[in-house]
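Here's the structure we're looking at; comments come further down.
The values are calculated or read from the model by the stated rules, or taken from the named source; none is laboratory data. Keep in mind the model is a prediction, meaning the values are calculated, not measured. Counting neighbours? That spans all protein chains shown, and the Cβs are built from the backbone with ideal geometry, glycine included.
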């Protein structure tokens, strides 16, 4: 995996510290050109991976990249599925079964998987999971997607319900159909590693909050540090600034000292911030350690 | 270990299920739902017992507590059955569609010293807890107005297919969205004495309202306003904001951030400077053992479980406080009905003339009305 990944929260009005800032960002990135300009700035700063949700607007970014293959020769996408609010809002409006139906192609054979069966077979649920993954992946056709993630709301819901076999189904389908590595975003890393181990998902890529103040690191910062020291997995750190609660230099210093962390994902809205953050991570990653 | 069963595995039920299932002090033994499809998924992928009939579940399983997350119109019956079996009960909001029924259940739980809680999760949001702490410490001095808003994108087209679009089943923006804002106001400054000028407007829905506005009146002169709209597509998800004005300044809070304006230096000893002060969720939120969608969902379940363990029947979001919220809701419905049958004061052009001060005045047909008292 690349060391530095560019995230997309800033484009969709997601800011974990301020709803006002989130709204201002949503307005700023109303126009797809504004989004592409920032992705260009990240790409030109040497960040070759765009880690993004399967929000419908990412489809427009994909179209743009497909139309300009020379400009983005080295760009990779790490899709994170699904964009959960799309489902959550649909469930509130239509109920769980109808929301599932609306996410899938309207074909007889597929609808039959959801329709009427008093007791559903495990293979049907596997098939359904695969179809949902394929529906989310459609927008990325023809693009490089070497790692595909399960978004944290879904990962953590499955984890909490104890339906761990679904993780294995996800991993298998992503490997077989897309020749990609499966990744899992979570707010509960230690618990998730136990669950993945039970279903033989070996050495998983796990993306979670890792920051100096322990913000949204369930189980506590010590448990995370212990987990990184003792468990076999490939951590990606997100929310390293804890939404701005930690100054950038201090935040990056902490994360880069955790030698197990393979990659760092961050989002920013200006070329200047992107370059600064990338520079700080590179400096801490590659500079010889004196202490 | 506390033995828990969950009734209803819809949207909130699934979320509660995941949270309670990971709680270190809980053994989730059974779930009940009417969807055979979902039940069979549970049967295949978890070791949790499944039931189609909650009565059978209550008869069969040895339990300490139940979580009720069914559509609202079933709450009263299911909560009553569980309480009569001596079980502690966590019930999703809104509590009961009939205020009298809700009050009976609150009394029953209290008589039997059973832990009772309703899922108004904003009472467990770090930022709102801090707001409550500041208001109780009177940092704003005498308060004169509170405004709570809840906006989000639930109903964006005419066709509604679930119980949430049916008035009789507890659907509509008033029960689904506004109740959160009302409960938050009750929590922060107490229950109002009366409501007035209630508007329940339909935008897309046939049977229920999509936006809600009302005024709240308190004995000591405090006034309030509720504004809720579940057809607001500009919001990514439900967004709730509270603003409070007092003699000494103003506080604006959402679930992530508090903005506090203090007029003078009188609150310096409480850590508040003259002018603007901000507090962020990162500093206000207590960690939880398991996170799904927000710490508050885990925190409220943990509060319920810890209350059972410690024998504390009174919770931070009790049946009784939820009945207070239901009372305001029911007063708003009555107020809106009265409005429909009354002649509104009109503003005919001839009746309006510029007042000497430059402000507009108008003649009203009769005295100003106040809505029905909620007490």
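Residues of region A:175-191 that are within 11 Å of chain B (Cβ to nearest Cβ) and in a loop (DSSP other than H, G, I, E, B): A:187, A:188. Residue B:293 meets each of the listed conditions (1) touching a helix residue (DSSP H, G or I) at 6+ places or on another chain (Cβ under 7 Å); (2) more than 30 Å from residue A:191 (Cα to Cα) apart from (2). For region A:253-272, does any single residue satisfy the condition of being more than 18 Å from the chain's Cα centre (by Cα) and on the phi > 0 side of the Ramachandran plot? Checking region A:253-272: not a single residue is more than 18 Å from the chain's Cα centre (by Cα) and on the phi > 0 side of the Ramachandran plot. Tell me, yes or no, whether region B:23-37 has at least one residue that is over 27 Å from residue A:93 (Cα atoms), assigned by TED's automatic domain parsing to the domain that holds residue B:301 and surrounded by 23 or more Cβ atoms within 10 Å (Cβ to Cβ). Within region B:23-37, one or more residues are over 27 Å from residue A:93 (Cα atoms), assigned by TED's automatic domain parsing to the domain that holds residue B:301 and surrounded by 23 or more Cβ atoms within 10 Å (Cβ to Cβ).
I want to confirm something. Restricting to region A:214-238 and keeping residues that are surrounded by fewer than 16 Cβ atoms within 10 Å (Cβ to Cβ) and over 19 Å from residue A:201 (Cβ atoms), which single residue is modelled with the lowest pLDDT? It would help to see each step written out before you state the result.
Start the filter on region A:214-238 by keeping residues that are surrounded by fewer than 16 Cβ atoms within 10 Å (Cβ to Cβ), which leaves A:220, A:222-223, A:225-226, A:229-230, A:232.
Of the ones still in play, those that are also over 19 Å from residue A:201 (Cβ atoms) are A:220, A:222-223, A:225-226, A:229.
Details: A:220: 91, A:222: 95, A:223: 94, A:225: 96, A:226: 96, A:229: 96.
Residue satisfying both the conditions and the ranking: A:220.
Given A:112, A:90, A:171, A:99, which one is free of Cβ contacts under 8 Å to residues at least 40 places away in the same chain and either part of a loop (DSSP other than H, G, I, E, B) or touching a strand residue (DSSP E or B) at 6+ places or on another chain (Cβ under 9 Å) (or both)?
Numbers: A:112 fails: either part of a loop (DSSP other than H, G, I, E, B) or touching a strand residue (DSSP E or B) at 6+ places or on another chain (Cβ under 9 Å) (or both); A:90 fails: either part of a loop (DSSP other than H, G, I, E, B) or touching a strand residue (DSSP E or B) at 6+ places or on another chain (Cβ under 9 Å) (or both); A:99 fails: either part of a loop (DSSP other than H, G, I, E, B) or touching a strand residue (DSSP E or B) at 6+ places or on another chain (Cβ under 9 Å) (or both).
Going through A:112, A:90, A:171, A:99 in turn, the sole match is A:171.
For residue A:194, are the conditions met, namely being part of a helix (DSSP H, G or I), surrounded by fewer than 21 Cβ atoms within 10 Å (Cβ to Cβ) and modelled with pLDDT of 95 or more? Here the answer is yes, as residue A:194 does meet what is asked.
Scan region B:191-241 for residues that are outside any loop (DSSP other than H, G, I, E, B) and on the phi > 0 side of the Ramachandran plot and jot them down. Please lay out each step first, then the result.
Restricting attention to region B:191-241, the residues satisfying the condition of being outside any loop (DSSP other than H, G, I, E, B) are B:194-201, B:211-217, B:223-229, B:231, B:239-241.
Listed by number, the list holds a single entry, B:197.
For region A:66-111, which positions are more than 14 Å from chain B (Cβ to nearest Cβ) and closer than 27 Å to residue A:206 by Cβ? Selection gives A:74, A:75, A:76, A:77, A:78, A:79, A:80, A:81, A:82, A:103.
Quick one: would you say residue B:211 is within 19 Å of residue B:148 (Cα to Cα) and outside the structural domain of residue B:186 (by TED's automatic domain parsing)? Reasoning before the result, please.
On the way: within 19 Å of residue B:148 (Cα to Cα): yes; outside the structural domain of residue B:186 (by TED's automatic domain parsing): no.
No; evaluated as a whole, the condition is false for this residue.
Among the conditions (1) part of a helix (DSSP H, G or I); (2) more than 14 Å from chain B (Cβ to nearest Cβ), residue A:144 misses just one, which is (1).
Filtered by the rule that a residue be in contact with a strand residue (DSSP E or B) (Cβ under 9 Å, 6 or more places away or on another chain), within 13 Å of another protein chain (Cβ to nearest Cβ) and not in a helix (DSSP H, G or I), region B:38-69 gives B:46, B:48, B:50, B:52, B:69. Scanning region B:268-312 for residues that are in a loop (DSSP other than H, G, I, E, B) and within 12 Å of chain A (Cβ to nearest Cβ) returns B:285, B:286, B:287, B:288, B:289, B:290, B:291, B:292, B:293, B:294.
Within region A:217-236, track down each residue that is closer than 25 Å to residue B:279 by Cα and either in contact with a helix residue (DSSP H, G or I) (Cβ under 7 Å, 6 or more places away or on another chain) or not in a helix (DSSP H, G or I) (or both). Lay out the reasoning, then the answer.
Taking region A:217-236 first, the residues closer than 25 Å to residue B:279 by Cα are A:217-221.
Passing the criteria: A:217, A:218, A:219, A:220.
Scanning region A:1-21 for residues that are more than 8 Å from chain B (Cβ to nearest Cβ) and free of Cβ contacts under 8 Å to residues at least 24 places away in the same chain turns up just one, A:21. Confirm whether residue B:18 is at pLDDT 95 or above, facing chain A (nearest Cβ under 8 Å) and either closer than 16 Å to residue B:304 by Cβ or surrounded by 18 or more Cβ atoms within 10 Å (Cβ to Cβ) (or both). Yes: the conditions hold for residue B:18.
Given the options A:92, A:129, name the one that is touching a helix residue (DSSP H, G or I) at 6+ places or on another chain (Cβ under 8 Å) and modelled with pLDDT of 80 or more. Give the steps one after another, and end with the answer.
Numbers: A:92 fails: modelled with pLDDT of 80 or more.
A:129 is the lone residue from the list that is touching a helix residue (DSSP H, G or I) at 6+ places or on another chain (Cβ under 8 Å) and modelled with pLDDT of 80 or more.
Can you work out which of the residues in region A:141-154 that are in contact with a helix residue (DSSP H, G or I) (Cβ under 7 Å, 6 or more places away or on another chain) and under 18 Å from residue A:207 (Cβ atoms) is surrounded by the most Cβ atoms within 10 Å (Cβ to Cβ)? Here the residue is A:148. Scanning region B:132-161 for residues that are touching a residue at least 12 places away in the same chain (Cβ under 8 Å) and over 30 Å from residue B:221 (Cα atoms) gives B:152, B:153, B:154, B:155, B:156, B:157, B:158, B:160. Looking only at region B:132-160, residues that are away from chain A (no Cβ under 11 Å) and in a loop (DSSP other than H, G, I, E, B) come to 7 in all. No other residue among B:322, B:316, B:283 is over 15 Å from residue B:20 (Cβ atoms), in contact with a helix residue (DSSP H, G or I) (Cβ under 8 Å, 6 or more places away or on another chain) and surrounded by fewer than 19 Cβ atoms within 10 Å (Cβ to Cβ) apart from B:316.
Kindly establish whether residue A:152 is within 21 Å of residue B:45 (Cα to Cα) and touching a strand residue (DSSP E or B) at 6+ places or on another chain (Cβ under 6 Å). Considered against the rule, which asks whether it is within 21 Å of residue B:45 (Cα to Cα) and touching a strand residue (DSSP E or B) at 6+ places or on another chain (Cβ under 6 Å), residue A:152 comes out as yes.
Of the residues that make up region A:67-82, is at least one surrounded by fewer than 20 Cβ atoms within 10 Å (Cβ to Cβ), closer than 30 Å to residue B:208 by Cβ and modelled with pLDDT under 95? No, every residue in region A:67-82 fails to be surrounded by fewer than 20 Cβ atoms within 10 Å (Cβ to Cβ), closer than 30 Å to residue B:208 by Cβ and modelled with pLDDT under 95. If you check residue A:24 against the conditions, is it under 27 Å from residue B:231 (Cα atoms), at the interface with another protein chain (Cβ under 10 Å from one of its Cβ atoms) and part of a helix (DSSP H, G or I)? No; evaluated as a whole, the condition is false for this residue. Residue count for region A:43-65, restricted to those that are out of contact with any helix residue (DSSP H, G or I) (no Cβ under 6 Å at 6 or more places or on another chain), part of a loop (DSSP other than H, G, I, E, B) and within 14 Å of chain B (Cβ to nearest Cβ): 2.
Tell me, yes or no, whether region B:165-175 has at least one residue that is within 14 Å of chain A (Cβ to nearest Cβ) and on the phi > 0 side of the Ramachandran plot.
Initially, region B:165-175 is screened for residues within 14 Å of chain A (Cβ to nearest Cβ), giving B:165-166, B:169-173, B:175.
When the remaining residues are screened for being on the phi > 0 side of the Ramachandran plot, the result is B:170, B:172.
Yes; the residues of region B:165-175 include at least one that is within 14 Å of chain A (Cβ to nearest Cβ) and on the phi > 0 side of the Ramachandran plot.
Restricting to region B:243-267, count the residues that are within 29 Å of the chain's Cα centre (by Cα) and assigned to a loop (DSSP other than H, G, I, E, B). Residues in region B:243-267 being within 29 Å of the chain's Cα centre (by Cα) and assigned to a loop (DSSP other than H, G, I, E, B): 4 in total. Residue count for region B:1-15, restricted to those that are touching a residue at least 24 places away in the same chain (Cβ under 8 Å) and at the interface with chain A (Cβ under 7 Å from one of its Cβ atoms): 1.
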